[in-house]
Amino acid sequence: MEICRDVALQRLYEERPIFRSFFFYAILTDMEQDFKKIRLEKLENLKKMGVNSYPAKFDRTHTSAEALKLKMGAKKVRVAGRLMLIRDLGRICFAHIQDGAGRIQIAFNEKEIGKEQYKFFIKNFDLGDFIGVEGETFKTKAGEKTILVKKFEILTKSLLPLPDKWHGITDTEERYRRRHLDLIFNKEAKEKFITRNKIIKSLTGFLEDKGFLEVDTPIIQPMAGGAIAEPFKTRYNAYDADVYLRIAPELYLKRLIIGGFEKVYEIGKAFRNEGVDANHNPEFTILEFYWAYADYENLMKLTEEMLIRLAKDVFGKNYITAGGKKIIFKKPFARKTFAQVTGGKKSDEAFKNGIKKLIQPTFVIDHPTELLPLAKKNKDGKTVQSFQLIVAGQELVKAYSELNDPADQLARFEEQDKNRKKGDKEAHQVDNNYIEALEYGMPPTAGWGMGVDRLVKLLTDSETLREIMFFPYMREKDKKIKN
């Protein structure tokens, strides 16, 4: 083959990792930094030949998965994808291309496409390049379905070589930083995001079927409210005002209930300036809905129905396996009071220790009033009409009968504000605009909120939230995370 020494070594490096050891190691270590330069030279040569290495489109007739279902001998099959393997045997070359549906083998035969075209492919294409081919289907002697290439064209010239052993990478943070590479090589990671999409469609589809209207409310807010959390602060230059990223959409969604909408929901981003661990991320996806003339008892029944349908929609059954344990979504879910779970204590630590034992879906009900300043009180005056859904020791849902007495709400805001002035950054501020809205009257209403990422983490049996978030914020290398 008429290939320069550097290109030949590059091909060995990318396709045959064994050559990275022994006497080749010293040469290739120095060359690794030069691979981009080699590819840029190829790109320049293609330009000189009048070849556009970044065309606008390619008219393909089949995905890889569709092509694999065709009968052998199918003519004019056009597929496209990223080159993941090139195996040059002299006058015949086999390659694998990968698209969004999977992989398929293609074959270049010098007799079929001519010596010049064959040489053009060998000299100018690298692993990672996108290629479009046209050909016919056949089976190799080994029985592998393949496309015999009749025509081909470059669709994108890759300037950086793909890593060789991405599956064996031990630095999981590097996977999240370079998610584009993770998705190329890690089929399991890609499947988790497909499952995430199915989960969200099931959730929103269920609410739509129940007559809920999807709405959008502000992410940038003059006052962060609707939850107990420290917000992110930013600056609105056009209005010369300090503003906050929302910690929840709650107060705006309840304004819509006041305005006459009776069933509303929103799914979107919320932001809480808190620590990072397996179950918490400062930026997350939240689903909230509000239902006029309902209470938390109605919400528990709806939640059971929603999650049973979700399991069947996504997995075709009413159970999942998470952490090696079988979790069954079957009504009625168990119920325990907050006091039963914590042994009568009100601390976060007591709650966290108590819910670890709750594996099957369990509603933890009737929280202390001070923990949920926006919820309606029970008759005892010390607890509120609330629940948290706990599954596998994790909170998935928090919901309650909404407080609609403006005087009671103002008193609770003021109590929270006292804590804020004492240094509690998570305490709720007094939101006078919301109080004014309540004074116009809000009907009895039930509110429900879920951290979607945490649900996806559970249902995909993932270890951390960052596994099921496409692009989680990543710290700088070697910089510690504050918890």
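Laboratory data are not the source of any read-out in this text; all were calculated from the coordinates shown. Bear in mind the structure is a predicted one, so any value in this text is a computation, not a measurement. Cβ sites come from the backbone with ideal geometry, for glycine too, and all protein chains shown count toward neighbours.
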Legend entry - Most positive-pole-ward Cα, Ser64, Gln429, Leu371, against dipole of the chain from beta carbon charges: Ser64
Inset, instruction - Only loop residues by DSSP count here, and only those with at most 15 other Cβ atoms within 10 Å; note down the trypsin sites (Lys or Arg not before Pro) in segment 288-340 that meet that. - result: Lys317, Lys330
Legend entry - For Lys336, distant residues with modelled amide H under 5 Å away: Phe363, Val364, Ile365
Inset, instruction - Pull up all non-local amide H partners of Ala322: gap of 5 or more, or a different chain, and H-to-H distance under 5 Å with H placed in the peptide plane. - result: Ile327
Inset, instruction - For Phe193 and Arg335, calculate 0.36 nm times their separation in residues minus their Cα-Cα distance, and state this gained length in nm to one decimal. - result: 47.9 nm
Inset, instruction - Would you work out which of Trp291, Tyr473, Ala95 lies farthest towards the positive end of the dipole of the chain, given +1 charges on the beta-carbon of Lys and Arg and -1 on that of Asp and Glu, about the Cα centre? - result: Ala95
Legend entry - Rg/Rh ratio calculated on Cα atoms of the chain (Kirkwood radius): 1.09
Inset, instruction - Rounded to whole Hz and in sequence order, give me ³J(HN,Hα) for segment 377-383 from the Karplus expression 6.51 cos²θ - 1.76 cosθ + 1.60, θ = phi - 60°, writing x for Gly and Pro. - result: 6, 7, 4, 6, x, 9, 10
Legend entry - Estimated inter-spin distance, Asn237 and Leu89, nm [label 7 Å along Cα→Cβ]: 6.2 nm
Inset, instruction - Would you calculate a helix-derived [θ] at 222 nm for the chain, using -39,500 (n - 2.57) for each DSSP H run of n ≥ 4 and dividing by the full residue count, to the nearest 500? - result: -10000 deg cm²/dmol
Inset, instruction - Taking a cut-off of 12 Å between Cα atoms, list the aspartates and glutamates near Lys325, but don't count ones fewer than 8 places away on the same chain. - result: Asp461
Legend entry - 3J(HN,Hα) from dihedral phi, segment 126-138, Karplus parametrisation 6.51/-1.76/1.60, rounded to Hz, x for glycine, proline: 10, 4, x, 5, 9, 9, x, 10, 10, x, 10, 7, 7
Legend entry - Rounded, prolate or oblate (a/c below 1.5 giving rounded, otherwise prolate when a/b exceeds b/c) for segment 135-247 by Cα gyration tensor: prolate
Inset, instruction - Round to the nearest 0.05 the FRET efficiency obtained for Lys418 and Glu153 when R0 = 51 Å and r is the Cβ-Cβ distance. - result: 0.15
Inset, instruction - Pull out the extension gain between Lys57 and Glu144, defined as 0.36 nm times the separation in residues minus the alpha carbon to alpha carbon distance; nm, one decimal. - result: 28.5 nm
Legend entry - Per-residue ³J(HN,Hα) for segment 331-345, Karplus 6.51 cos²θ - 1.76 cosθ + 1.60, θ = phi - 60°, Hz, x for Gly and Pro: 8, x, 5, 5, 10, 9, 6, 4, 5, 5, 5, 9, x, x, 8
Inset, instruction - In debye, nearest 20, what is the charge dipole magnitude of the chain about its Cα centre with +1 on Lys and Arg Cβ and -1 on Asp and Glu Cβ, if you could check? - result: 1980 debye
Inset, instruction - Quick one: of Lys48/Lys76; Lys254/Lys336; Lys376/Lys418; Lys71/Lys145; Lys71/Lys139, which pairs are farther than 19 Å apart, Cα to Cα? - result: Lys48/Lys76; Lys254/Lys336; Lys376/Lys418
Inset, instruction - Would you be so kind as to identify all helices of the chain, as entire DSSP H runs, whose Cα atoms reach 24 Å or more along the helix's own axis and whose mean Kyte-Doolittle hydropathy is at least -1.0? - result: 187-209, 296-315
Inset, instruction - Compare the Cα positions of Ile257, Asn279, Thr234 along the charge dipole of the chain (+1 at Cβ of Lys, Arg; -1 at Cβ of Asp, Glu; about the Cα centre) and return the one farthest towards the positive end. - result: Asn279
Legend entry - Shape box of segment 229-313 [Cα atoms, principal axes, largest first, Å]: 45, 38, 21
Inset, instruction - Please state, rounded to one decimal and in Å, the Kirkwood hydrodynamic radius that segment 264-414 gives when every pair of distinct Cα atoms enters the mean of 1/r. - result: 16.8 Å
Inset, instruction - With a/c under 1.5 counting as rounded, go ahead and sort segment 277-354 into rounded, prolate or oblate using the C-alpha gyration tensor (a ≥ b ≥ c being the square roots of the eigenvalues; past the cut-off, prolate if a/b is larger than b/c, else oblate). - result: rounded
Inset, instruction - Report the percentage of all Cα-Cα pairs in segment 403-483 whose separation exceeds 14 Å, rounded to a whole percent. - result: 76 percent
Inset, instruction - Taking amide H positions as placed in the peptide plane 1.01 Å from N, state which residues far from Glu214 in sequence (5 or more) or on other chains have amide H under 5 Å from it. - result: Tyr265
Inset, instruction - Under a cut-off of 18 Å between alpha-carbon atoms, report the aspartates and glutamates in cross-link reach of Lys37, not counting same-chain residues fewer than 8 places apart. - result: Asp6, Glu14, Asp126, Asp129
Inset, instruction - Please state, as a whole number in µm²/s, the translational diffusion coefficient that the Stokes-Einstein equation yields for segment 37-130 at 4 °C and 1.567 mPa s, with Rh defined as the Kirkwood radius across alpha carbon pairs. - result: 89 µm²/s
